[in-house]
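The values are calculated or read from the model by the stated rules, or taken from the named source; none is laboratory data. This structure is a prediction, so every number in the text was calculated from the model and none was measured. No Cβ is skipped: glycine too gets one built from the backbone with ideal geometry, and neighbour counts run over all protein chains shown. Ligands, DNA and RNA are stripped out before the accessible areas are found, and what is left, the full protein with its side chains, is counted by its heavy atoms. Shrake-Rupley method; radii C 1.70, N 1.55, O 1.52, S 1.80 Å.
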Amino acid sequence: MSSKKKSKMTEIAGRLKQAGLRPTRQRLALAGLLFRQGDRHLTAESLYEDAARAGHALSLATVYNTLNQFTAAGLLRQVAVDAERSYFDTNTGEHQHFYCADDGTLIDIPGQAIAITGVPAPPKGMAVEQVDVVVRVRRS
């Protein structure tokens, strides 16, 4: 393994530890794929395919479990596009999304580009955690 790759894996292991996750072989492999090239939107299935192409022998259940653990730890943001499709976003900052129905891609909308007003008061004993906006588009 090159020193650059070792350095990246050490950085990823530190990121997992900081999030309260043990850097297991599977988590390191998936985190390496997730965080290797900036902000990305992936489904569990597309990450599973990336892992298989990279030579990682992981089950789809392991991929789902790891994505859910990363989301719970704040490393990812889950974006539900509809009842059948969920994406995992490596950009956890404040922003919204365009969803292109033609090819199933998500495109970030910068946080300041959409103003969200009129959010109702939550029920007693609850607080609004996050508001997600998905703008559905088609290519013209």
Item to check | Theoretical FRET efficiency, 1/(1+(r/R0)^6), r = Cβ-Cβ of R53 and K124, R0 41 Å, to 0.05 | outcome: 0.25
Next on the checklist: With a cut-off of 8 Å between alpha carbons and a minimum separation of six or more residues, what is the relative contact order of the chain in percent?
Outcome noted: 18 percent
Item to check | Percentage relative contact order, the range 10-90, counting C-alpha pairs under 8 Å, at least six apart | outcome: 31 percent
Next on the checklist: Let's test this: bin the Cα-Cα distances of the range 2-79 at 10 Å from zero up to the farthest pair and state each bin's percent.
Outcome noted: 19, 56, 24, 1
Item to check | Residue-wise HN-Hα coupling along the range 46-51, computed from phi with Karplus coefficients 6.51, -1.76, 1.60 (Hz; x: Gly, Pro) | outcome: 5, 5, 4, 5, 4, 5
Next on the checklist: Mean-square fluctuation check for the chain, GNM, Cα pairs under 10 Å: which of G32, G125, G111 is largest?
Outcome noted: G125
Next on the checklist: Could you tell me the calculated FRET efficiency between R85 and Q18, based on Cβ-Cβ distance and R0 = 25 angstrom, to the nearest 0.05?
Outcome noted: 0.25
Item to check | Expected 222 nm ellipticity per residue - DSSP helices of 4 or more, -39500 (n - 2.57), all of the chain, to 500 | outcome: -11000 deg cm²/dmol
Checklist entry - How much accessible surface does D82 have with a 1.4 Å probe, in Å² rounded to 10? => result 70 Å²
Item to check | Rounded accessible area of T92 (nearest 10 Å², 1.4 Å probe) | outcome: 70 Å²
Checklist entry - Once the principal axes of the Cα atoms of the range 62-125 are found, what is the range along each, listed largest first in whole angstroms? => result 39, 36, 23
Checklist entry - What stretch of the chain, leaving out the sites themselves, is the longest with no GluC sites (Glu not before Pro) in a DSSP loop having at most 16 other Cβ atoms within 10 Å? => result 1-83
Checklist entry - Taking a quarter of the surface of the Cα convex hull of the chain, what do you get in nm²? => result 11.1 nm²
Checklist outcome for this item: per DSSP, antiparallel bridges as share of beta bridges in the chain, % nearest 5, sits at 75 percent
Item to check | Residue of V63, V128, V79 that the Gaussian network model of the chain assigns the largest fluctuation, springs spanning Cα pairs under 10 Å | outcome: V128
Next on the checklist: Please list, ordered by chain and number, the residues whose modelled amide H lies under 5 Å from the amide H of V137; skip anything fewer than 5 residues away on the same chain.
Outcome noted: Y99, C100, A101
Checklist entry - How large is the charge dipole for the chain, taken about the Cα centre, if only the Cβ atoms of Lys, Arg (+1) and Asp, Glu (-1) carry charge, to the nearest 20 debye? => result 760 debye
Next on the checklist: If the elastic network links every pair of Cα atoms under 10 Å, which of A61, A121, A101 fluctuates the most in the Gaussian network model of the chain?
Outcome noted: A121
Item to check | Computed label-point distance, nm, for sites L60 and D102 using a 7 Å Cα→Cβ extension | outcome: 2.8 nm
Item to check | Label-point gap, in nm, between N68 and R139 - each point 7 angstrom along Cα→Cβ | outcome: 3.5 nm
Checklist entry - Where the accessible area of the chain is counted over protein heavy atoms with a 1.4 Å probe, how much of it, in %, is carbon and sulfur? => result 50 percent
